[in-house]
Amino acid sequence: MMWRREKGAVWPAGFRLAGAALAVSLLLASCSTLETDRFGLSEASAARDDVARELPPEQRKEHERLVAAYGGVYHSPALEAQITKVVNRLVSASERPDIHYRVTILNSPAINAFALPGGTLYVTRGLIALANDDAELSSVLAHEMAHVIARHAAIREAQVRQAMIVSRVISDVVQDPDLGALALAKNKISLAAFSRDQELEADAVGVGISARAGYDPYGASRFLATMGRYANLRAGNAVSQSKDQVDFISSHPATPERVSLAITNASQYGAQSAERDRGDFLDAIDGMVYGDDPKEGYVRGRSFLHPNLGFTFTAPEGFSLENTAQAVLGATASGKEALRLDAVRVPGTTPLATYLSSGWIDGVDPASIQAMNINGFPAATAVARGQQWSFRLYAIRFGSDVYRLVFAAREITPQNDQAFRAAADTFRRVGTEEIKNVKPLRISVVRVGLTDTVERLARRMAVPDKKLERFLILNGLDKDAKLKFGDRVKIVVE
């Protein structure tokens, strides 16, 4: 978690958790006005950001913002060399071999890749972990290169500006609210449709670039299929269902139609002598960090631990947690309860009971405010109520920060309130020995033994749930897949 602190003690009105807007999706939303505190991004990582040094000042700021939001730069000489090899082949086969591309691997488990105008490409290690060969990796990189070649970013900016102008004209001129709403809706749909057209164009151009570079053009359809399976797996996680959690999967939906189009595009090129380079790719990702990097704080089951900040917390039974750039988010499978843990800077002279009623969240019941102590740390709690949701709030002073633990439920009952209090009581300092034992999960490439089956290998996966399903998705295998002796597969290990 790249913790972000607020500029002030009061949230902007648009982000207050009040009234009908007290839905879980808003509780889990990111607040764009927060400043990034680079707790987890080490000075060494920033100093080794070669891309930043190459960029002009106006692009460097955007680059640094993106890098900070995605956990810093992930450094792996072997993986960097592999990506450079793939990109060089793609550039030579592209419509614009004169463009100089700079690729940054982001230290994030998120599934994402994107491009900025001018040829700056980004890909997360989370996305790389889903790929199984150079052909699949090249399909993603070629797709993002296609956005640069087609100047989609610049076109989208112009479309957004035009949409804003049209919206202002409608709001100023149209008196009939129904007609105005209809026109605004059509305007948004038009903009969205244009964005979809851009994605489909990038798909087609990207497949062509990959094929001309000598890579298997069906890598795109295979990777899209894997993303679709991963999206279905993640759909069972209520945390990931928030509309505000935007990543490559949500912006590049792997629908059956899109997979079919990718296959159609690939069929134009054939794959008689196309390369996948699976061996080189697996060599490059062997040992790569998987999931949360402990330096940024990590989730293990219902627990979250941040070694750099020195604290841990365990969510109530039934919650799933997700570590994001803004906060630790949690929700039950039903979506009827949720939580958010983040940090703010509150003056040490301000009593926490006073802070809870300072206006950063509306609907606080003054009679419910209570000063308390949690594991030796000053704290305060209160209840806030809206039209649809109720909240149990905790503010805990830990070091120079105040950690806000917000639980949301349709109704605060004695039962769930007791569970919320028990969870708050798990917030504590972690010791040096405990921190020493924190190790990241990693991708390990292993060879299939004589007696190995997908079930047996899946049992070796150091993941909290759905071991078999995750193993199959990670390796692009079907549930009925038969492994061959000596094959190399990916597993997740501690």
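The values are calculated or read from the model by the stated rules, or taken from the named source; none is laboratory data. These figures come from a predicted structure and were not determined experimentally. Glycine also receives a Cβ, built like all others from the backbone with ideal geometry; neighbour counts cover every protein chain displayed. The protein model used for the area step is the full one, side chains on, heavy atoms only, and it has no ligands, DNA or RNA in it. Shrake-Rupley method; radii C 1.70, N 1.55, O 1.52, S 1.80 Å.
Which order do you get for D362, D197 if you rank them by accessible area with a 1.4 Å probe, largest at the top?
D197, D362
Between R65 and N373, what is 0.36 nm times their sequence separation minus the Cα-Cα distance? Round to one decimal in nm.
107.2 nm
Kindly state, to the nearest 0.05, the FRET efficiency for R447 paired with Q387, given R0 = 60 Å and r defined as their beta-carbon distance.
Using R0 = 60 Å, I get an efficiency of 0.55.
Taking only C-alpha pairs under 8 Å that are 6+ residues apart, what is the relative contact order of the stretch 252-390 in percent?
In percent, rounded to a whole number, it is 10.
Evaluate E = 1/(1 + (r/R0)^6) for A422 and R459, where r is the Cβ-Cβ distance and R0 equals 30 Å; express this FRET efficiency to the nearest 0.05.
It comes out at approximately 0.40.
Multiply the residue gap between D478 and R410 by 0.36 nm, knock off their C-alpha separation, and tell me the result in nm, one decimal place.
20.5 nm
Over the heavy atoms of V73, what accessible area does a 1.4 Å probe trace out, to the nearest 10 Å²?
20 Å²
Per residue of the stretch 334-339, what does 6.51 cos²θ - 1.76 cosθ + 1.60 with θ = phi - 60° give for ³J(HN,Hα)? Whole Hz please, x for Gly and Pro, Karplus curve as stated.
6, x, 8, 9, 8, 8
Filter the trypsin sites (Lys or Arg not before Pro) in the stretch 425-472 to those in DSSP coil with at most 12 other Cβ atoms within 10 Å of their Cβ, and list the result.
Here the trypsin sites (Lys or Arg not before Pro) that fit, given the DSSP loop and packing criteria, are R459.
For Y70, what accessible area in Å² do you get when you roll a 1.4 Å probe over the heavy atoms of the protein chains, rounding to the nearest 10?
For Y70, solvent-accessible area is about 40 Å².
Near the amide H of T104, under 5 Å away, which other amide H atoms are found, from residues 5 or more places off or on another chain, if H is placed in the peptide plane?
L121, Y122, V123
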